Amino acid sequence: MLKSRIKYNTASFVTSAPDITKLPTDTGIEVAFAGRSNAGKSSALNALTDQKLARTSKTPGRTQLINTFELADVDNMRLIDLPGYGFAKVPIEMKKKWQKSLGEYLQKRQSLKGIVVLMDIRHPLKDLDRDLINWATSSEIPVLALLTKADKLKQGARKAQVLQVRRELSTLEGDITVHAFSSLKGTGLPEVAKKLDEWFLGPIVATPPADAEPTTDTDA
């Protein structure tokens with residue numbers, strides 16, 4: 001069972017919106033999942049919530065709307081499944097429509113507090129991935145970069161790829177965390193839950209025991 005401060009398995013579908021005007025009221029906290037249309041975004045959401053929350057497909061580009069999922073055990077907090085970018089074989093007008101709704105959400109949604117950017121570990125940091133991460137850091141929005149399908153690489157190659165991506169992204173001035181991830185094997189899932197806990201609830205602050213003696217300075 002996933003250890004986290006939030007019960008992500010309580011997430012439930014709220015709405016699919018063609019643009020931000022049809023989303024829930026822009027209050028509370030949202031964490032958005034974004035990535036190329038073949039990066040495994042829906043599979044990652046399903047692994048985190050331990051349910052078939054987001055629809056998966058072997059056909060890239062099936063997520064055409066902004067999908068909203070509400071977390072039941074915390075007040076006014078949501079997971080967002082954004083339309084995939086770098087779309088495959090779809091009409092150009094549809095691409096433009098999806099791109100517009102994605103851009104509006106990222107630029108205007110005030111409740112957005114963190115972005116999970118998913119990239120195939122074998123082909124990370126494509127131009128659109130870099131554009132999104134650059135935009136997030138310039139907007140002071142923290143990023144969790146997940147290198148998905150990590151089970152496709154052996155351990156050594158997987159570690160090398162993670163280190164390489166960390167080095168490349170370290171040149172950006174922003175809050176960026178990079179982890180390998182596999183929805184199939186559960187690799188990186190605890191790290192995802194921990195980071196999302198911080199975004200939703202804030203970092204854990206250590207407090208001294210109630211019976212601890214206060215320290216005082218005395219002159220020698």
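The values are calculated or read from the model by the stated rules, or taken from the named source; none is laboratory data. Here the structure is a predicted model, which is why all the values come from computation and not from measurement. Quick reminder, even Gly has a Cβ in these numbers, built from the backbone with ideal geometry, and neighbours come from all protein chains shown. What goes into the accessible areas is simple: the full protein's heavy atoms, side chains included, and nothing from ligands, DNA or RNA. Shrake-Rupley method; radii C 1.70, N 1.55, O 1.52, S 1.80 Å.
Quick notes
- In order through segment 18-35: 3J(HN,Hα) via Karplus (6.51 cos²θ - 1.76 cosθ + 1.60), integer Hz, x for Gly, Pro: x, 7, 5, 5, 9, 7, x, 3, 7, 9, x, 10, 10, 10, 9, 9, 9, x
- Length available on full extension from R109 to K154: 0.36 nm per residue minus the Cα-Cα distance, which gives 12.3 nm.
- Sequentially through segment 113-130, phi angles give Karplus couplings (6.51, -1.76, 1.60; θ = phi - 60°) of 10, x, 10, 9, 9, 9, 9, 4, 4, 7, 9, x, 6, 5, 3, 5, 5, 4 Hz, Gly and Pro residues having no value and appearing as x.
- Where labels lie 7 Å past Cα in the beta-carbon direction, separation of K194 and K126 in nm: 3.0
- Computed over protein heavy atoms with a 1.4 angstrom probe, the accessible surface ordering of L201, L82, largest first, is L201, L82.
- Subset of K3/K108; K96/K126; K96/K195; K108/K194; K149/K194; K126/K152 violating a 24 Å alpha-carbon distance limit: K3/K108; K96/K195; K108/K194
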